[in-house]
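The values are calculated or read from the model by the stated rules, or taken from the named source; none is laboratory data. Everything quoted here is computed from the prediction, not taken from an experiment. Virtual Cβ from ideal backbone geometry, glycine too; neighbours counted across all protein chains shown.
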Amino acid sequence: MQSMKAIEIPARGGGLRLVDRPVPQPGSGEVRIKVEACGICHGEVMAMEGHHPRIQYPRVPGHEIVGILDEVGGAVSGWPVGTRVGVGWSGGRGEVTGLTRDGGYAEYTLAYPEALVRIPDALSPVAAAPLLCAGVTTYTALKHSLAAMGDTVAIQGIGGLGHLALQYARHAGFYTIALSRGRSKEELALKLGAHEYVDGQAEDAAGKLQARGGARVILATAPTGRSLSDLIHALSPEGEMVVVSGGGEPMTISPAQLLNGRRTVRGWTARGASDVQEALQYSVQAGIRPMVEVFPLEQAPQAFEHMMQSEVHFRAVLTMA
Ligand SMILES: NC(=O)c1ccc[n+]([C@@H]2O[C@H](COP(=O)([O-])OP(=O)(O)OC[C@H]3O[C@@H](n4cnc5c(N)ncnc54)[C@H](OP(=O)(O)O)[C@@H]3O)[C@@H](O)[C@H]2O)c1
Ligand SMILES: [Zn+2]
């Protein structure tokens, strides 16, 4: 049996390790993808920490998968071998890619056709991969937010999601503010489209935003609930905080913070393949591309750690030999 290289999580809390596995065979109603690139998302923490009732180990993580269809099982039509496809978080049929089914930190992976999107020719595999989760999440979060052209929109946390959100916000005509920590990301954030940059460690972020009348929308991407509480004060009257981050710490919000100005806090996740296809199309049309650091598959543990330290500019992407 042909074998492949893969990175798997051996057990809950067990980190990542390089293994040889048999190349998986697609069953009826499945396809096999020869993976070209897979982004590393902070959401992988869910697989590593076992935050899902149906997770089983060992598990291959990775839900920003781009590759070529190399085998198509029976009962699949409309997806010929050779098509460049992508798979995001939603694996189809109630499955979650890289969580309840093996994902893309591997040379080959299986997918259901319901989860597939077509990768536009204008995007390289490495440029497309981050759009399959980070891109679609922030694109749809902003599209369905209350913000209209000219409104002030703040993006909190400038990482994989945040750096794409800056670009979508700027392109949508919002006055775009990057909320980060320290000044190391300032130059790049301004280049990506932020009109202003606020260092939340040295500056009073809420005060700075209130000087502009408050933010109509704050898109919270930093994986920590604690820092969000103070930011409620940075919203304009009737403003909303859209939370896409999934950090473990609870958010503490007093009723008064919501009542003063009738503010809203809500969570957001993108839907399945149709949202992803739309985000890809919009990104091509708008000229929006992720800024990536590329690592070979074998270096996934180091790349993951680099992301956890908030040091990646801005999405780590694995490529297969
Ligand atoms: N809702 C969804 O569907 C969805 C989809 C994908 C990901 N997510 C979640 O979104 C979050 C971000 O994912 P990502 O892939 O963009 O992660 P990432 O690349 O690690 O970026 C997160 C950014 O948040 C800031 N940050 C990190 N730790 C922090 C801390 N302890 N306190 C304050 N700020 C901190 C950092 O930006 P600065 O250096 O600028 O502060 C960091 O670059 C994760 O929680 C992930 O699980 C949700
Ligand atoms: Zn993700």
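Which residues, taken from the range 284-309, are in a helix (DSSP H, G or I), of a type outside the set (D, E, K, R) and within 16 Å of ligand 1 (Cβ to nearest atom)?
Hits for the range 284-309 are Ala300, Pro301, Gln302, Ala303, Phe304, His306, Met307, Met308.
Residues checked against (1) farther than 25 Å from Trp89 by Cβ; (2) β-branched (Val, Ile, Thr); (3) surrounded by 15 or more Cβ atoms within 10 Å (Cβ to Cβ):
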{"site": "Leu192", "(1), (2), (3)": "no, no, yes"}
{"site": "Asp199", "(1), (2), (3)": "yes, no, yes"}
{"site": "Gly213", "(1), (2), (3)": "yes, no, no"}
{"site": "Arg216", "(1), (2), (3)": "yes, no, yes"}
{"site": "Leu219", "(1), (2), (3)": "no, no, yes"}
{"site": "Ile253", "(1), (2), (3)": "yes, yes, yes"}
{"site": "Asn260", "(1), (2), (3)": "yes, no, no"}
{"site": "Arg271", "(1), (2), (3)": "no, no, no"}
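His233 versus (1) within 15 Å of ligand 1 (Cβ to nearest atom); (2) modelled with pLDDT under 95; (3) surrounded by 15 or more Cβ atoms within 10 Å (Cβ to Cβ): which is the lone unmet condition?
Failing condition for His233: (1).
Given the structure, is Asp102 away from ligand 1 (no atom under 15 Å from the Cβ) and over 28 Å from Ser310 (Cβ atoms)? It would help to see each step written out before you state the result.
Numbers: away from ligand 1 (no atom under 15 Å from the Cβ): yes; over 28 Å from Ser310 (Cβ atoms): no.
Judged against the criteria, Asp102 is not a match.
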